[in-house]
Amino acid sequence: MRDATLAKAAETEPLDATTLVAGMAAEARKAARLLAALPAEVKTAALRAAGGAIRAAAPAILAANALDLERGRALGLGPALLDRLLLDPGRIEGIARGVEAVADIADPVNTVAAEWDRPNGLHIQRLRVPIGVIGIIYESRPNVTADAGALCVRSGNAVILRGGSEALNSSRAIHAAFVAGLAAAGVPAAAVQLVPVADRAVVGALLAAQNLIDVIVPRGGKSLVARVQADARVPVLAHLDGNNHTYVDGAADPDKALAIVRNAKLRRTGVCGATETVLVDAGARGQLGAIVAMLLDAGCEVRGDAAARAADPRVVPATDADWDTEYLDAVVAVKLVDGVDGAIAHIERHGSHHTDAIVTEDAAAADRFVAGVDSAIVAVNASTQFADGGEFGFGAEIGISTGRLHARGPVGAEQLTTMKYVLRGTGQTRP
């Protein structure tokens, strides 16, 4: 109800983004203190109620999504972006199940990460505790509204969500159902707030909300993340672009290679785990033609080096920019490289340290690839599209962190906690 009131006011009054964010943050801080103290079973029940409320609200969510899709088409959004925006009954069911999956994972709050005794008799514990208030800025995926809300509740954090303008109606409908479920189970609705307007000034206000918001998580394209990292006065947990690679080694099983490459590129082209470049070992040159033909026949544009073009005349010449591009579409770059070391060198130069895979039956080659590729996720004989918190057993994820501090890889509930050290003594004093 409060969000609807704010949204209506913003339509008739000039928006003061700083005041809006400060007010939301103050409410979030109060909710965070309550949430951090709630027993795990209360949060579990609330998340299950939220999942059920989303399922029950499917007609309203679909109607809201239809408005977003109509606007997206009018704005000229491409097929991949429209697919990211699209909701149907199956996807809404998936969102509800995702929330329920987060309800089923172990609560990380106050778990003991490590403990030990000191010679002076002190017993030291390192506990996981909530971060506090999290701001999440994301683009056109309406499911993030529920995924992020669920993970923050599970980890004891309050959250302020700022979704993309393209999905505003869908996000509002999902959020309304989600918080109704929370409130019915005793979790304060202010624990999960959605910025009710699309004004971009709010992003700037969130980034400047030092001492009001504890960490910002951007989830979106390179330009969004770059802006957040450049302008934020709040710590940032970055989800960078997924310029991912699948390397087909000379010792790869041909059938396995075809299946993995097809899935890695084409299962869903608009997700961050999609492969954007296929690297083929010069020792597997005989497989290059089959790989390229499979992709082309499946409707994927292939941009390749001289070897790829020689393998199939339908291949478009690759430019230098292609090796650095996250297409998020049915386009892929293909290149012949000199073994594992050549693949590692190409990935180090052009990759985004997100997710990279090797297909090989040679255990030594796999080990060398794993050791040499500096990415958040490295896959052996598996599709890069497993770069998803749900597939890791996290229930859901906020994003794939490609940084090296605090959390790296899928950011689930556990990664949204920080540490507290507890010292238990029997009267010790320091000499």
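The numbers here are math on the coordinates, done by the rules we state, and not lab data. What you see is a predicted model; the values in this text were computed from it and never measured. FYI the Cβ positions are ideal-geometry reconstructions off the backbone, even for glycines, and counts take in every protein chain you see.
Miscellaneous remarks
- Computing Rg and the Kirkwood Rh from the Cα coordinates of the range 244-390 gives a ratio, Rg/Rh, of 0.92.
- Kirkwood Rh in Å, taken over the chain so that all alpha-carbon pairs contribute: 23.0
- Signed unit charges on C-beta, dipole axis of the chain, positive-most listed residue VAL248, PRO89, PRO130: PRO130
- For the peptides 49-58, 359-368, 180-189, the ranking by packing is 49-58, 180-189, 359-368, with the highest mean count of neighbouring Cβ atoms within 10 Å listed first.
- Computed from the C-alpha gyration tensor, the three semi-axes of the ellipsoid equivalent to the range 61-165 are 41, 14, 10 Å, from longest to shortest.
- Kyte-Doolittle mean at least 0.5 and Cα axial length at least 20 Å: DSSP H helices in the chain: 17-37, 168-184
- Note on the range 310-431: Cα convex hull, mean projected area over all directions, 13.1 nm².
- Taking a Cβ cut-off of under 15 Å around LEU122, the surrounding Lys, Arg, Asp and Glu residues balance to a net charge of +2, with basic ones at +1 and acidic ones at -1.
- Only Lys, Arg, Asp and Glu carry charge here, each on its Cβ (+1 for the first two, -1 for the last two); on that basis the range 244-390 has a dipole of about 380 debye about its Cα centre.
- Relative to the Cα centre, the charge distribution of the chain, modelled as +1 at Lys and Arg Cβ and -1 at Asp and Glu Cβ, gives a dipole magnitude of about 1540 debye.
- Highest to lowest packing among 194-200, 159-165, 59-65, scored as the average C-beta count within 10 Å: 159-165, 194-200, 59-65
- Zone residues, the range 207-240, relative to ASP199, backbone N less than 11 Å from point 7 Å out along Cα-to-Cβ: none
- Rounded to the nearest 5, the antiparallel percentage of DSSP beta bridges internal to the range 214-353 is 0%.
- Length gained when the stretch GLU348-ALA184 is fully extended (0.36 nm per residue, less Cα-Cα span): 54.1 nm
- Pairwise label distance in nanometres, ARG314 with ALA382, each label 7 Å out on the Cα-Cβ vector: 3.1
- Sites ARG91 and TYR421 - FRET efficiency at Förster radius 35 Å, r taken between beta-carbons, to 0.05: 0.25
- The chain: most fluctuating residue of PRO39, PRO218, PRO254 per GNM, C-alpha cutoff 10 Å: PRO39
- Pairwise label distance in nanometres, LEU405 with GLN229, each label 7 Å out on the Cα-Cβ vector: 1.3
- For the chain, averaging the sequence separation of C-alpha pairs within contact (under 8 Å, six or more residues apart) and dividing by the residue count gives a relative contact order of 18 percent.
- Listing PHE392, PHE178, PHE369 from fewest to most neighbouring C-beta atoms within 10 Å gives PHE392, PHE369, PHE178.
- Label zone of ASP253 (point 7 Å out along Cα→Cβ, amide N under 18 Å): in the range 371-414 this covers 379-384.
- Relative contact order of the range 325-379, taken over Cα pairs closer than 8 Å and 6 or more residues apart, is 37 percent.
- Placing dummy labels 7 Å off each Cα toward the beta-carbon, the span from LEU75 to GLU301 is 2.2 nm.
- Inter-centroid distance (Cα atoms) of the range 138-186 relative to the range 216-231, Å: 19
- Bridge type composition, the chain - antiparallel percent by DSSP, nearest 5: 30
- Estimated FRET transfer efficiency when R0 is 60 angstrom, pair GLU41-ASP338 (beta carbons, to 0.05): 0.60
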